[in-house]
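First comes the structure, then the notes that go with it.
The values are calculated or read from the model by the stated rules, or taken from the named source; none is laboratory data. For clarity, every value in this text was computed on a predicted model and none was experimentally measured. Here Cβ is always computed from backbone atoms with ideal geometry, including for glycine, and neighbour counts include all displayed protein chains.
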Amino acid sequence: MAAVPPQGGQPTPQQMAAMQQQLAMEAAKRGMTPQQFQAMQRQELEAQARKEGLTFQQYIEKLRSQALENHKRQVEMQQQQAAQQTQQAQGQPQVQGQQGQQVPIAPGAPDPKAQALAKWLRSQDLKTRTCILNGQRKDMFRVKRALRAIESPAYTTACKKNPLLPPLTPAMPKTEIFKLLPLSLLALRVSKIDPHAGHNHAPSKPQKRVKGLWTVKIEQQQDISDDLHYVWLYEGPQWRMKLYAVGALILIMTVVMFPLWPVTLRIGVWYLSMGFLGLIGLFFAMAIFRLMLFCVTVFTVPPGLWLYPNLFEDVGFFDSFRPVWGWQEEKKKKSKKSKKGETGEESKGSDAASTTTATVTASSNGSSEISRRHAHAAPRVEEVEDE
């Protein structure tokens, strides 16, 4: 089909020459002269116009308008692609709409500048806290601390040493530098949620909440404000994980190839395993012996004697065997004052003296019990205060 000239103007001589050359090539392919090919095209256009109920000129105008619309769409798409490539190259995404509305940050591929920034910020003291994201523990920080670190002289010094770090300039303020993190999915904005929200299960046994440990979710709107929280998705160099994986692989291969070990090594492993089993058997024998000792002494020398009283307590390994022995602690003891009140056989003077003695005894027993509790108290997890 012959090319339709643009509306509102005649084609240039170069365009005319190109059109004639293309027309001659198409006619040669069909074994026709250019005049015959043009006549055939005109007949086809007239047939199409009659099918649509239009005149020849109306059909030509319709084709011209369609060509103009397709050309405009192609130009707009090319402009958008060029703008996106420029923004990605500069690392400055457009976050303001036409009417001043904020547009969500669209994440893209990791940027070397963003990776350098994340690596430097991870080495700074941002006072991170631990949070739960999708069942995994992550480090969370506040935006204002990251912005303060970017404004610090340490960042200016780091920019001179590492050319990948974007420098802090009027054209590149601290917020624009921070935007590199969510754009490359290295840090994302999160908000606090209830871990049991939306669950229809029956209320379970209340568990002690560790203060300061949040359960969070990722927000779709990646805003930047001082009071907002971001979670680190950048794990840094993975050489340590790779080293652990190689070590685990070597260990597995070593165990699998045990039949190929030298005889001396296999004998040594056998002795080690027998020694380990002997230690386990010794532990069970000690536990049975201390129970039998307690059962005997609970009748002979009440309240009963325990060998290694802290053996099964929630303490360290060495503290489990300290002290070597101890008496069974009674749950409740009646004071002498209550006994005197029940019998009422002694005089008022002796009753007063007994009351004073019982008070002193109760105080000493209470202090000793408190000290004992502090001595054998289980270690507690230190709770973190919310900011």
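Of the residues making up the range 285-306, those that are small (Gly, Ala, Ser) and surrounded by fewer than 16 Cβ atoms within 10 Å (Cβ to Cβ) number 2. Apart from one condition, GLU313 fits all of (1) free of Cβ contacts under 8 Å to residues at least 40 places away in the same chain; (2) surrounded by 13 or more Cβ atoms within 10 Å (Cβ to Cβ); (3) out of contact with any Lys or Arg (no Cβ under 9 Å at 6 or more places or on another chain); the exception is (1).
Of all residues assigned to the range 283-305, none qualifies as being basic (Lys, Arg), part of a loop (DSSP other than H, G, I, E, B) and not assigned by TED's automatic domain parsing to the domain that holds GLY135.
I'd like to check something: does the range 266-280 contain any residue that is assigned to a helix (DSSP H, G or I), touching a strand residue (DSSP E or B) at 6+ places or on another chain (Cβ under 7 Å) and either surrounded by 14 or more Cβ atoms within 10 Å (Cβ to Cβ) or without any contact (Cβ under 8 Å) to a residue 60 or more places away in the chain (or both)?
Looking for residues that are assigned to a helix (DSSP H, G or I), touching a strand residue (DSSP E or B) at 6+ places or on another chain (Cβ under 7 Å) and either surrounded by 14 or more Cβ atoms within 10 Å (Cβ to Cβ) or without any contact (Cβ under 8 Å) to a residue 60 or more places away in the chain (or both), one finds none in the range 266-280, hence no.
Right, GLY236: touching a strand residue (DSSP E or B) at 6+ places or on another chain (Cβ under 9 Å) and at positive phi or not? Taking the combined requirement at face value, the residue does not satisfy it. Say whether the condition of being assigned to a strand (DSSP E or B), modelled with pLDDT of 90 or more and touching a strand residue (DSSP E or B) at 6+ places or on another chain (Cβ under 7 Å) is met by at least one residue in the range 161-184. No, the range 161-184 contains no residue that is assigned to a strand (DSSP E or B), modelled with pLDDT of 90 or more and touching a strand residue (DSSP E or B) at 6+ places or on another chain (Cβ under 7 Å).
May I ask you to verify whether ALA154 is touching a residue at least 12 places away in the same chain (Cβ under 8 Å) and touching a strand residue (DSSP E or B) at 6+ places or on another chain (Cβ under 9 Å)? So ALA154 fails the test.
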